[in-house]
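A short worksheet on the structure shown next.
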Amino acid sequence: MSTRSVVPFGPQHPVLPEPIHLDLVLEDEKVVEAIPSIGFIHRGLEKLVEKKDFNDYVFVAERICGICSFMHGMGYCESVEHIMNVELPPRAKYLRTIWAEMSRIHSHTLWLGLLADAFGFDSLFMQTWRIREKILDMFEYTTGGRVIFSVNKIGGQRKDMDAEALKKLLATLDEIEKDLRSITKTFLNDSTVNTRLRGVGVMTKQQAHDFGAVGPFMRASGIGLDMRNLGYGAYPDLEFEPITSEEGDSYARTYVRIQEIFQSINLIRQAVAKIPDGEIAVPVKGFPKGEYFMRVEQPRGEAIYYVKANGTKFLDRMRVRTPTFANIPAMLEMLKGCQLADVPILILTIDPCISCTER
Amino acid sequence: MSIMNFTKTVVKNLFSKPATRMYPRQPRNYPARTRGHIEIDIDSCIFCGMCSRKCPTGAITVTRPQRTWSIKRFSCIQCGYCVESCPKKCLSMHQTYTEPDGVKRTDTFAGPPQAAKPAAPKAGVPAAPKAEAPVAQKAETPAAPKAEAPSVPKVEASTAPRAETSAGVKDGGEK
């Protein structure tokens, strides 16, 4: 048996701007075990729910994450709305769906860029982020913010998209789709990219199930679960199938995420075609009392929101189970047996969001 | 698997305009909805305090007796909750962002003196003169040393750092 050594990875690492620390136990260049530690950027946002008015907390919930900020706000609002038995107007549901899918495009293009950066293909990284810029501009045009949107509120949406905005959105999506098709060929067919991704970090279907992986990470291992099928927002009216791949390696994860961008573009097109006229919010009176579990499919996977309310304007408890938290055990299993040089790319393929995880 | 997939993109980039902008020279056109900073039309403000009660960060302070409205620019998160809740619609969101500053500044706006109550019309006093009205002044910041009067600190704030820098230069020269 060769000698074992421990190499610290993170919390500062060039590939991953977020602070996760791993102690990698190595045998020569091979990883035998990875021991994680997180908690470097805990902000106490869940505790804050006891001191903030439940209407104001939407702004805090949005700030849990900078990438899926819209979906965090939406998940919190939907759970409080369920407790208060608020029926959302149909237009608000469609608007939420459109913005949520725009967030998915924005998150997945960001991830593709980071992946290209991680395997050292910097021009591909820049091209991907050039495409992402268009969706960010569209966010600013429709909501007024590029990262924090502040359009969710309990009982509906704060802002509407008029016909002109929807038309502009469709035109932008056409451009994005065209640009993305051309770089998709590089991501999926290029030999250098394939050498880096094929067969690296294989996670079998059974392992993904046993370790409770979620999101594209799980779907790349062949489990076709998608929380959008649960029927929140306008998803029951839209047609889509969860995208899966059987291979379970890094290439499969890239493939699933790229196809999900095209799926999101398709979903937005369907939603824009079907969006009904009408109110975008209903007035909400009184205070919530009760508890609810809300499950939302975020770009990174399934997020769970648990809200417990006691009938005053302050909530008792708000808990977020973020997708990255669920993916970390599966990631540690995946790291076993891989080469040290592949570790950064493997951590990246779960699309980790440590700021979400630590809240 | 194939090679030369990226060539088309590369060639296209060689003959197209840059995707970026020469930023300071070519200013950015903000969309109408961009949430930059809050402005107040102090003349129509009734100092009801609704905005300060709704503000999730407590950035807005309204004092009804003194008729002032102040906002901590660096606490404001540009959520637009105050703009929505203002009953007189005198608050509005503007596109330009708050400029960087060395101190966390608070902007105070003083409203025009209250017009005479319509309950006492016989006095014949005309409504308070509006000529001297909207005086927007920058109040003292918590970081700055306690100022004597709230009307002067703008001058002090602008002179103090200059004095410091000149002293620094002088020291450096002596060394």
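No lab work stands behind these numbers, since they all come straight from the coordinates. Since we're looking at a predicted model, the values are computed, not measured. Ideal geometry is used to build each Cβ from the backbone, glycine not excepted, and the neighbour counts take in all protein chains shown.
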TODO: Round to the nearest 10 and give me the degree value, 0 to 90, for the angle of helix A:163-189's Cα axis relative to the longest principal axis of chain A.
DONE: 10 degrees
Task: Candidates A:C65, A:C77, A:C338, ranked by Gaussian network fluctuation over chain A, Cα under 10 Å, top entry - done: A:C338
Open item on the list: Taking the Cα centre as origin and putting +1 on Lys and Arg beta-carbons and -1 on Asp and Glu beta-carbons, what dipole magnitude results for chain A, to the nearest 20 debye?
Closed with: 760 debye
TODO: Return a whole-number percent for the relative contact order of the stretch A:223-333, with Cα pairs under 8 Å and 6 or more residues apart as the contact set.
DONE: 18 percent
Open item on the list: Give the average, rounded to an integer, of partner chain Cβ atoms located within 10 angstrom of each Cβ in B:3-15.
Closed with: 4
Open item on the list: Using 19 Å as the Cα-Cα cut-off, could you pick out the over-long pairs in A:K51/B:K104; A:K153/B:K72; B:K54/B:K88; A:K52/A:K289; A:K52/A:K153?
Closed with: A:K51/B:K104; A:K153/B:K72
Task: Neighbour cut-off at most 14 other Cβ (10 Å), DSSP loop, trypsin sites (Lys or Arg not before Pro), the stretch A:15-119 - done: A:R43, A:K51
Task: Chain lengthening between B:R53 and B:Y30 when straightened (0.36 nm per residue, less Cα-Cα) - done: 5.3 nm
Task: Selected from A:D210, A:D342, A:D122 as most flexible by GNM, with chain A as the system and alpha-carbon contacts under 10 Å - done: A:D210
TODO: Please build a GNM for chain A, connecting alpha carbons under 10 Å apart, and tell me which residue among A:A252, A:A100, A:A326 fluctuates the most.
DONE: A:A326
- [ ] Determine the relative contact order of chain A: mean sequence separation of Cα pairs under 8 Å and six or more apart, normalised by residue count, in whole percent.
- [x] 26 percent
- [ ] Report Rg/Rh for the stretch B:30-110, rounded to two decimals, where Rg is the Cα radius of gyration and Rh the Kirkwood radius.
- [x] 0.94
TODO: Please work out, to two decimal places, the log10 of the ratio I(q)/I(0) at q = 0.12, 0.14, 0.15 Å⁻¹ from a Debye calculation in which every Cα of the stretch A:4-358 carries one identical scatterer.
DONE: -0.87, -1.17, -1.32
Task: Within straight-line cross-link reach of A:K159, aspartates and glutamates at Cα separation under 20 Å, skipping those fewer than 8 residues along the same chain - done: A:D56, A:E62, A:E78, A:E81, A:E87, A:E101, A:D137, A:E140, A:D277, A:E279, B:E39, B:E84
TODO: Could you tell me how many degrees, from 0 to 90 and to the nearest 10, lie between the Cα long axis of helix A:69-83 and the main elongation axis, the longest principal axis, of the Cα atoms of chain A?
DONE: 50 degrees
Task: B:H37, B:H94 arranged by Cβ crowding within 10 Å, fewest neighbours leading - done: B:H94, B:H37
Task: Ascending count of other beta-carbon atoms within 10 Å, so fewest first, for A:S221, B:S44 - done: B:S44, A:S221
Task: Loop-resident sites, the stretch A:155-251, for GluC sites (Glu not before Pro), counting at most 13 other Cβ within 10 Å (DSSP) - done: A:E239, A:E246
Open item on the list: Between 0 and 90 degrees, rounded to the nearest ten: what's the tilt of helix A:122-143 against the longest Cα principal axis of chain A?
Closed with: 10 degrees
Open item on the list: For chain A, what does the helix formula give at 222 nm: sum of -39500 (n - 2.57) over DSSP H segments with n ≥ 4, over the residue count, nearest 500 deg cm²/dmol?
Closed with: -15000 deg cm²/dmol
